[in-house]
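This report refers to the structure that appears directly beneath it.
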Amino acid sequence: MRIASSFQRAMASSIAGCKLHMRGKGSLATCLQKIESYLHRRVGTGVVFAQARALQNDETDKATLRKSLFAVQVERQEQAKRSVLFNLKSRINEKTFLKHLLQHGNVNKYFFYESYGIYAVVEFADRKSVASLLEEAAVPDMSTKPIMPFKSRLLLLKNLSAANVSMRLSNQQLQPQTSVHIKELVQRLSGLENIDQQMTSLTEAYELTEASIRLRFLTCSLVQDVAAAFFPECTIQPFGSTVNGFGKLGCDLDMILDLDNISGREKNMLKPGLFLEYNMKSATSERTVTQQILSVITECVDQFMPGCIGVQKILNARCPLLRFSHQPSGFQCDLTVSNRVAIKSTELLYLYSGLDPRVRLLVFTVRCWARTHGITSSIPGAWITNFALTLMVLFFLQRRKPAIIPTLDHLKDLAGPSDHSVIDGNDCTFVTDFSKIQLQSNTETIEHLLRDFFDFYSSFAFCKMSVNIRKGAEQNKHDSSPLYIQNPFETKLNVSKNVNVAQMDRFVALCQESSQMIQQNGFNTPKGGRHGGQEPQPWGVAALLLPSKVVGVTSRKKRRREVTNERIKSLLESLKPKEDEPQSTTNSDASPSPSDTIK
C-alpha cells in the first residue's frame, strides 16, 4: 500500500518527478524506495495542496521531512565529500562513462548539466572510491605551458568518445541550473485548472532541484579543499537561499567559512595538571582577523582553484566577503567568515518553510510577482530584497486569525537548553525541533491568502508602522525610513533601510493594482485552450505576471516626470529676456545658456 500511494503521489506530481534525472545501480525495489523518499522530502509542494496537508498526519513522513537544518547540512556535506565534478566532452557515451566509474566503487547518484560545457556530478558510496579515482588522474603535460600544482576534485575526462550515437547526451538528460523564462512560465500556468495548481506549478518551476542542491554543496566542498591548506579544521557550508527552503534556480551561492572549532569560542574543558594552549598571532579586532583570513583565501582561490574567475575581495563592507564566479557550476559565489547571525537567520527561515506548505507557495509566488514587476532586483540598489520580502510574507501569515505560523518570540518560549544562542549580545534563541511546535487550525486556501496578501499591504500604514516577525504585530518605526522591517535577531537594524520612497510607493501601488485584478470577475477562471485547439489565455496568477496588466505605477511615474519637466521649462522660459527687452552683447557672445543646453 505504501508503494502504491507513493506511485499515486508520483503521478500527481509529474512535473516534480520528471525533474530528477539521476541514475545509479539498484533493483526496482531500490528505485521505488528512492522515489518514495524523494516525494517525502518534497511534501508541501505537491500539485494538490490537500494531499500535502493529509500527509502531514503521517509521523513517518514528518520524521523524514522535518530534520533540523544542522542534520541536513551534515548529510549534504558528507555527500559532497564523496562526490567528484567532471568536465566532459559534449558527446560522452553514458554507458561507457558509468562503466569506467564503477571500476573505482559503487555509485550512489550521478547527473549531467551544462555550464560553459558539459559537466557531471558523481557521488560514490564511499570516500575510498574518490581516492581511487584521483590516484588514476594524471597531471597535465607541463611541456606546453606552466601549471599551478593544485589537485582538486574537478577532473577533465578525455578519450571516452561515443561509440553509439544513440547513447550520446541529449538536452533532456541535462539538469537545468536556471529557472524557466517568464513567458514560458505564464504559458504553463495559463493551461492549469485552478489557482492552487498555478501556485504549486510556479513553485516547482522555480525551486532548487535536488541536482542543484547537490552541486552547490559540492562547490562549497571544493572551496573547502583550498581553505583547508591554512585551516585544516574549517568547514565551508552554504547558507541563505541555498538551504533555507526559498532558493530559486540560478540564485547566488552564499558560503560561510566556519572557524568556530578553531577560533577559541569552543574551548576544551580545563583538566588538572599542565594546561596546553595553542600559540597564535593576535590582531587589533575580530574584523581585522576576518579581513586577513579573506585576503589569504582570495589569493588561493584566484591563483589555484580551477574555474574561478572575477575574484574580488570586498573587505570594507559591513560583513567582509570574497566574491567570485565559479564557471564549472555557473554560480556567483559570496564567501564570508563566521557570520553566525546569518546562519541563525537561515535556520529560522528553514524552520518556517517547513511548518506549513502554504508558506513556500506564497513566498515563491509573491517573489516571482515582485521580480516580474521590478520590485526586487539582482543588482544592488533601492529595491526591496528577497529576504525583506520573505519577512513581509511571514509577517502577513502571522497576522492571520488564527495565525498560520508562530511568532519568533513564541518559538523562543518553546526553546530548550540546547537551543540557547546569544551572538554578539543578540538573543538568537528559538526552538529547532519541529515536533515541539503545535500550529493553530487555519484552513484558508492558498488562493485566499494570495488575495489577502495584496489587500493587507495595500492599506498597511508604512508611514508609521514597522514589520516585526518577532512580535507578529505592527510597531512604531524607530526612524523615518519608508519601509522598516526589523531584523529578527539584530533588532536595532532595519533590513530594508536601502528602500527609498519611490520604490515603496511602487510596491504599494502594485499591490493595489493586483488586488483589484484579483477581485475582478473571471480572474480565477481558465480562459480558452479547452475547445477548438485555441491557446489558453493568461488568467489567475499568470495574469498577475503580465507587465501590461499593471500599468498604473509606470504611467504615474511618467506623469510626474512630465510635470517636473514642464515646471523646469516654464521656469527657464521666465528667465529668458522678453522680445522688447534689449539683450546685452555679453550674453550674445557667451556660451549657450542653460536652457539651450537642456533642450
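For region 296-341, the set of residues classified as part of a helix (DSSP H, G or I), among the aliphatic types (A, V, I, L, M), open to solvent by less than 50 Å² (accessible area, probe 1.4 Å) and out of contact with any helix residue (DSSP H, G or I) (no Cβ under 7 Å at 6 or more places or on another chain) consists of Val341 only.
Limited to region 473-498, what total is found for residues that are open to solvent by less than 60 Å² (accessible area, probe 1.4 Å) and out of contact with any strand residue (DSSP E or B) (no Cβ under 9 Å at 6 or more places or on another chain)? Residues in region 473-498 being open to solvent by less than 60 Å² (accessible area, probe 1.4 Å) and out of contact with any strand residue (DSSP E or B) (no Cβ under 9 Å at 6 or more places or on another chain): 3 in total. With respect to the stated conditions, Ile405 is assigned to a loop (DSSP other than H, G, I, E, B), closer than 27 Å to Gln197 by Cβ and within 22 Å of the chain's Cα centre (by Cα). Checked against (1) in a helix (DSSP H, G or I); (2) among the hydrophobic types (A, V, I, L, M, F, W, C); (3) under 18 Å from Ile343 (Cβ atoms), Leu397 passes all but condition (3). Number of residues in region 176-210 that are touching a Lys or Arg at 6+ places or on another chain (Cβ under 8 Å) and not in a loop (DSSP other than H, G, I, E, B) equals 8. When you look at Asp254, is it assigned to a helix (DSSP H, G or I), closer than 27 Å to Pro380 by Cβ and at pLDDT 90 or above, yes or no? Judged against the criteria, Asp254 is not a match. Taking region 196-213 as the range and being within 14 Å of the chain's Cα centre (by Cα) and among the charged types (D, E, K, R) as the test, the residues that pass are Glu204, Glu207, Glu210. Of all residue pairs spaced 6 or more apart or on separate chains, those with beta-carbon atoms under 9 Å, a first member in region 415-443 that is farther than 30 Å from Glu286 by Cβ and aromatic (Phe, Trp, Tyr) and a second member that is open to solvent by less than 90 Å² (accessible area, probe 1.4 Å) and not in a loop (DSSP other than H, G, I, E, B) are Phe434/Lys62; Phe434/Leu65; Phe434/Leu351; Phe434/Gly354; Phe434/Leu355.
Considering region 422-453, the residues that are open to solvent by less than 20 Å² (accessible area, probe 1.4 Å) and among the polar types (S, T, N, Q) include one that is nearest to Val341 (Cα to Cα), namely Thr429. Against the condition aliphatic (A, V, I, L, M) and over 14 Å from the mean Cα position of the chain (by Cα), how does Ala342 come out, does it pass? No.
Within region 311-334, the set of residues being charged (D, E, K, R) and in contact (Cβ under 8 Å) with a residue 12 or more places away in the chain comprises Lys313, Arg323, Asp334. Scanning region 418-443 for residues that are part of a loop (DSSP other than H, G, I, E, B), in contact with a Lys or Arg (Cβ under 7 Å, 6 or more places away or on another chain) and within 30 Å of Gln198 (Cβ to Cβ) yields a single hit, Asn442. Residue-level check: of (1) touching a residue at least 12 places away in the same chain (Cβ under 8 Å); (2) within 17 Å of the chain's Cα centre (by Cα); (3) part of a helix (DSSP H, G or I), Arg371 misses just (1).
Taking the condition of being open to solvent by 20 Å² or more (accessible area, probe 1.4 Å) and closer than 27 Å to Glu210 by Cβ, how many residues in region 119-136 meet it? Within region 119-136, residues that are open to solvent by 20 Å² or more (accessible area, probe 1.4 Å) and closer than 27 Å to Glu210 by Cβ number 7.
The values are calculated or read from the model by the stated rules, or taken from the named source; none is laboratory data. This one's a predicted model, so the numbers in the text were calculated from it and none came from an experiment. Virtual Cβ from ideal backbone geometry, glycine too; neighbours counted across all protein chains shown. The area values use the complete protein model at the heavy-atom level, side chains included, leaving out ligands, DNA and RNA. Shrake-Rupley method; radii C 1.70, N 1.55, O 1.52, S 1.80 Å.
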